[in-house]
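Student: Shown below is the structure under consideration.
The values are calculated or read from the model by the stated rules, or taken from the named source; none is laboratory data. Given the structure is predicted, the values throughout are model-derived calculations rather than measurements. Using ideal geometry, Cβ is built from the backbone for each residue, glycine included, and neighbour counts are taken over all protein chains shown.
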């Protein structure tokens, strides 16, 4: 199966479920039940992102370990060699070696959350070329200029950004990245507020967001934007990563690249 097919399929299904919950909420009269279903839609959307990044990390680790097993002479980075894989994940009966490594990799991250862009960087930038890493100046322009880019994500429209050069572009790029990070920090924090204190955020003004007929669908759109752009980047960079490690085209093909 091609790399990251299953994590993305599960994410798409989970986001559809979140949208269905929101659609159902809008059939109800105004009140706490409606608002709580809207909150549930938000939480499910963020949960879908968390699950995607956990599954994607396990997928990439498993394929790397499988490639190493196929071509044992290839040297892989110490960061992978030093992973503490649970013994049971390795010795339990498994239909395929790929499944064995996938379950082992899943055990590594099962009890963690990936709900910050810094955490996404920590987990995934190891698979990226230096000039193509996630959420850095050198690779961010394509996201701001993407056809699904929105001003609420970056603080600037793609049209305005496209017309910038020199220092103006440099400054706008930094500002867009900061705006992007703050946007997702707010989205993830609101999910924590919902789960940990029944959505009583520190600043009461935030409570208006959940009842807006348009705000939560925009949040779900933004979560999809994040995952889709990351998915595109992972699918491009992972085969390059394996190639740079020295794995042959035959091995890369066997592990789904």
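Student: Check residue 26 against each of (1) modelled with pLDDT of 95 or more; (2) farther than 20 Å from residue 233 by Cβ and name the one condition it does not meet.
Tutor: For residue 26, the failing item is (1).
Student: Which one of these is in a helix (DSSP H, G or I) and modelled with pLDDT under 85: 18, 67, 58, 89?
Tutor: Checking each option against the conditions leaves just 89.
Student: Quick check on my filter: what residues within the stretch 180-211 are surrounded by 16 or more Cβ atoms within 10 Å (Cβ to Cβ) and either modelled with pLDDT of 95 or more or assigned to a helix (DSSP H, G or I) (or both)?
Tutor: Passing the criteria: 180, 183, 184, 187, 188, 189, 190, 191, 193, 194, 209, 210.
Student: Of the residues that sit in the stretch 97-150 and are closer than 29 Å to residue 192 by Cβ and exposed (fewer than 14 other Cβ atoms within 10 Å of the Cβ), which one is farthest from the chain's Cα centre (by Cα)?
Tutor: Selected residue: 137.
Student: Is it fair to say residue 12 is closer than 30 Å to residue 217 by Cα, assigned to a helix (DSSP H, G or I) and over 24 Å from the mean Cα position of the chain (by Cα)?
Tutor: So residue 12 does not fit the description; no.
Student: So which of 83, 115, 123 ends up being outside any helix (DSSP H, G or I) and at pLDDT 90 or above?
Tutor: Unique residue meeting the criteria: 115.
Student: List the number of the failed condition for residue 3; all other conditions in (1) under 30 Å from residue 250 (Cβ atoms); (2) in a helix (DSSP H, G or I); (3) in contact with a helix residue (DSSP H, G or I) (Cβ under 7 Å, 6 or more places away or on another chain) hold.
Tutor: With (1) under 30 Å from residue 250 (Cβ atoms); (2) in a helix (DSSP H, G or I); (3) in contact with a helix residue (DSSP H, G or I) (Cβ under 7 Å, 6 or more places away or on another chain) applied to residue 3, the lone miss is (2).
Student: Among the residues of the stretch 70-80, what is the count of those that are exposed (fewer than 14 other Cβ atoms within 10 Å of the Cβ) and at pLDDT 85 or above?
Tutor: So the answer is 4.
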